[in-house]
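Peer 1: Before we start, here is the structure in question, set down as structure tokens.
Computed from the coordinates by the stated procedures, all read-outs in this text should not be read as laboratory data. Because the structure is predicted, anything quoted here is derived from the model rather than measured. Don't worry about glycine lacking a Cβ; one is built from the backbone with ideal geometry, like all the others, and counts go over all protein chains shown.
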Ligand SMILES: [Ca+2]
Ligand SMILES: [Ca+2]
């Protein structure tokens, strides 16, 4: 397209150049005749003006040509930009879809984790969100405490009548017959009369003391058992006393 515009201009320049030469020759020839010389002189002036106009036109056409090239480049860029925008939109759509799938996957993982969390290992029984292990080998309170810790747990902390009743109901019939009491995590080893739970040192809240308990009999009862007689009442006992125990985690 630019070539088509420039071709006539090139042709016109060649013609003008040839005309200029011809006039120069005629001017030399007409020097002898004043009228001819004047006419030729005016023609030469016109020729100069035309030549200047021609140069201006050339410059303008050159600029126009440059602008056309710029426009063509811009058109090319625009097409590339449109293509990239479309590709970007596709990627965004796919990302959105993947994001949804990732969210579903995360939900599934959470459900599985919750399922694992809600289950207690073999030998443990579940109540609310905790697992309990009932052991009937006879140990002192300190030995029982250590045994629970070895099993990544602690001597039981009883926080409600519901939990107290459930624990009592889970003690086996034979253990009830052979063990009159079973260790809990409650104790007043640090300060006499101030009972705290061994796992977090929190003060006792809910309690189910038997009549006349805690008695601190002989001034040496600092560890607490639960009676297995079905009443599930509590008693402070000598810590070296050996009986069963309940671990919780
Ligand atoms: Ca005591
Ligand atoms: Ca007692």
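Peer 1: What is the gain in length, in nm to one decimal, between residue 136 and residue 216 on full extension, counting 0.36 nm per residue of separation less the C-alpha to C-alpha distance?
Peer 2: Extending this stretch completely gives an extra 26.3 nm.
Peer 1: Please report the antiparallel percentage of DSSP beta bridges with both residues in the chain, rounded to the nearest 5.
Peer 2: 90
Peer 1: Still on this structure: For region 126-248, what does the alpha-carbon gyration tensor say about shape, rounded, prolate or oblate, given a ≥ b ≥ c as the root eigenvalues, a/c under 1.5 as rounded, and a/b over b/c as prolate?
Peer 2: Judged from the Cα gyration tensor, region 126-248 comes out rounded (a/c under 1.5).
Peer 1: Whole angstrom only: what separates the Cα centroid of region 182-220 from the Cα centroid of region 57-94?
Peer 2: One Cα centre to the other: 85 Å.
Peer 1: Could I ask something else about it? Using alpha carbons only, how many degrees (0 to 90, rounded to 10) separate the axis of helix 2-29 from the longest principal axis of the chain?
Peer 2: 30
Peer 1: Kirkwood Rh over alpha-carbon pairs of the chain, then Stokes-Einstein at 37 °C and 0.692 mPa s: what D in µm² s⁻¹, rounded to an integer?
Peer 2: Values: Rh = 27.5 Å.
Diffusion coefficient, whole number: 119 µm²/s.
Peer 1: Gaussian network model of the chain, Cα springs within a sub-10 Å range: biggest mean-square fluctuation belongs to which of 95, 64, 139?
Peer 2: The residue that fluctuates most here is 64.
Peer 1: In the Gaussian network model of the chain, springs joining C-alpha atoms below 10 Å, which of 238, 178, 59 carries the largest mean-square fluctuation?
Peer 2: Highest fluctuation among the options: 59.
Peer 1: Assuming R0 = 30 Å, what is the FRET efficiency of residue 149 and residue 178, from their Cβ-Cβ distance, to the nearest 0.05?
Peer 2: 0.75
Peer 1: Also, I was wondering about something else. Taking springs between alpha-carbon atoms closer than 10 angstrom, which of 33, 236, 108 fluctuates most in the Gaussian network model of the chain?
Peer 2: Result for the chain, Cα springs under 10 Å: 33 fluctuates most.
Peer 1: Another one. Give me the angle, in degrees from 0 to 90, between the Cα long axis of helix 34-118 and the longest principal axis of the Cα atoms of the chain, rounded to the nearest 10.
Peer 2: Taking the Cα atoms of the chain, the angle to 34-118 is about 10 degrees.
Peer 1: Please give the helix 141-150 orientation as an angle from the longest Cα principal axis of the chain, in degrees from 0 to 90, rounded to the nearest 10.
Peer 2: The helix 141-150 is inclined about 30 degrees to the chain.
Peer 1: Can you give me the distance in nm between label points at residue 201 and residue 74, each placed 7 Å from the Cα along the Cα-to-Cβ direction?
Peer 2: It works out to 7.7 nm between the two label points.
Peer 1: Quote the relative contact order of the chain in percent (integer), defining contacts as alpha-carbon pairs under 8 Å separated by 6+ residues.
Peer 2: Details: 268 pairs, mean separation 46.2, N = 249.
For the chain, the relative contact order is 19 percent.
Peer 1: How would you rank 140, 168, 220, going from fewest to most other Cβ atoms within 10 Å of each one's own Cβ?
Peer 2: Values: 140 17, 168 20, 220 11.
Going from least to most buried by this count: 220, 140, 168.
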